[in-house]
Each structure stands twice: as structure tokens, then as C-alpha cells.
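Taken together, the values in this text are just the output of simple stated rules run on the coordinates, not laboratory data. Everything numeric in this text was worked out from a predicted model, so none of it was measured. FYI the Cβ positions are ideal-geometry reconstructions off the backbone, even for glycines, and counts take in every protein chain you see.
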Amino acid sequence: MSFARVAVDISQLVLNQWATAPPHKAPQAGRFKTKGETIFSLAPVIFWLQRPLLFLTCALEFLTIAHYHILRREQGSPELTPSLFCPASSQTGTLPYLSVTPITLFGILLMVFGTFLRLRCYEALGSLFTFDLCIKPEHRLVTSGPYSFVRHPSYLGSLCLTAGLTFAGLTRGSWIIECAVGPHRADAMFATQCAWISWWVYTGGVGYTRAVAEDEQMRNRFGEEWERYAMKVRYWFVPGLV
């Protein structure tokens, strides 16, 4: 299972990079902000920090697996030797608990969908897609591609990406749970669950506040054209639901 876990790590890194790397830089002119809490306006910075943190956890997971195989070759019983890269190994074992579970695979599927959706949004908007909220002089109302189903599909992609990262990297079988937290510590597991729920809720809050701000700007700029579009495409993120 160790090599399957490495494949999961590589998949997470690649998908997250594709989904969170800004396709275009927003010019200073034309930028606007949300009317929500200030913390939501920090979303571009916070999601940028997501990349090095993910790289760090995947690197530690890879080093733990590599250390296990080196010890197995040299000592023959690595599960009895605490790992330098896995502090909780004295309680849970060095490698057998680093594994791919059905929840892990579900997380990767969510990441694939979220990344695909965001890439389709990049393609549909072209140079108009920026991570900072911005209205460009050449701005036009895009109603094709994913935007023909919901008005803010890229935020649905972000929600799926965040949920996928938590299912793949913050559940049993992952380095954070097996090596850093320790799955048998109820208090630490509860804190971890609260952390990833808060992370997902924050992502949803960012999507909500930005959707409100973008709709207001589009309504002001395009008037009746936007109103017709909003009547046809009524939902923000999920057709028929939200």
C-alpha cells in the first residue's frame, strides 16, 4: 500500500497546483472587495499557503515510507523501530497504517472533479479569470461552458477541492492522522476534525461573499443582460440546490 499512498500524494500535489495556481494576474485598476468579514478577503493568500503546506505533508509522508523500507532492508523488523518522520509510530506502527482507504479514493475523486471544473472555468473566462476580484475594461458577460449551469462554478470547484484534500489527507491512513496526531488520541482527533470542518466552512464563506460581490458588480455593469442571465441561470453553485 505504500506505493499507492505515494501515488495519492503525487495526485494531490498535481491537482492542487492546477486548481490553485492563478491563471492570470489582476490589474490594480478595477479591483473590488467583498462586503463580508476581512478574513474572507484574504482568501488568495490563504489558498496560496495551502500549496506549501500540502507539499510539506506529502514530503513527510514520502520520507516516512522511504525510511520504513530502508529499515526493513537493514533490520528486518521496522515496525518495532520508531520512525524519525513518524512521531506517533511507537503507538501505531511505522508504515502499515499509512494506507489508501475508500475515503482516500473518494477524496481524490472530489479533487479531480473540482480541478476539472476550475480548469473549465479558466478556459471559459480566458484572461478575465483572476483570483482577485476585478472588473477589466474589456469585461464581458460569459454565459457558456460551466457558466451555463450555475453562475459561480469555480467556487464549487474550490469546495470540492477542499473537501477532497481533507478526505485524502486528514483521515485514517494519512501521515497527519497516523504520524502527527495519532488516531488513538480522542482529543487530538476531535481537534483535527474541527480544523478540517472549519477549513471547509471558510471556503464556503469565501465562495458566498465573493458570489454576492460579483453578482452586484455584474448587475451594475451589464444591467438587463445580466438580469436575463440571472433569470435563466438561477443558482450559484449547484443546479437546483444553491
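What the table below lists for this structure:
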read-out: Point-to-point label distance, Ser99-Arg172, nm (Cα→Cβ direction, 7 Å offset); value: 0.8 nm
read-out: Built amide H within the under 5 Å cut-off of Cys134, gap 5+; value: Phe32
read-out: Full-extension gain in nm, Leu119 to Phe149, via 0.36 nm per residue minus C-alpha separation; value: 9.2 nm
read-out: Per-pair calculated FRET efficiency, R0 = 35 Å: Lys25 and Phe222 via Cβ, rounded to 0.05; value: 0.90
read-out: FRET E, pair Asp215, Ile46, Förster distance 25 Å, beta-carbon r, rounded to 0.05; value: 0.65
read-out: Lys, Arg +1 and Asp, Glu -1 on Cβ, resulting dipole of segment 107-242 about Cα centre, debye, nearest 20; value: 200 debye
read-out: Nitroxide proxy distance, nm - points 7 Å out along Cα→Cβ at Gln17 and Val233; value: 3.0 nm
read-out: Charge context of Leu13, other residues only, Cβ under 14 angstrom, K/R +1, D/E -1; value: 0
read-out: Segments 162-169, 99-106 sorted - mean Cβ within 10 Å per residue, highest first; value: 162-169, 99-106
read-out: For segment 123-242, alpha-carbon Rg and Dmax in angstrom; value: 18.6, 58
read-out: For segment 213-230, Karplus couplings with θ = phi - 60° (6.51, -1.76, 1.60), whole Hz, Gly/Pro x; value: 5, 5, 4, 5, 5, 5, 5, 5, 7, 10, x, 5, 4, 5, 4, 5, 5, 5
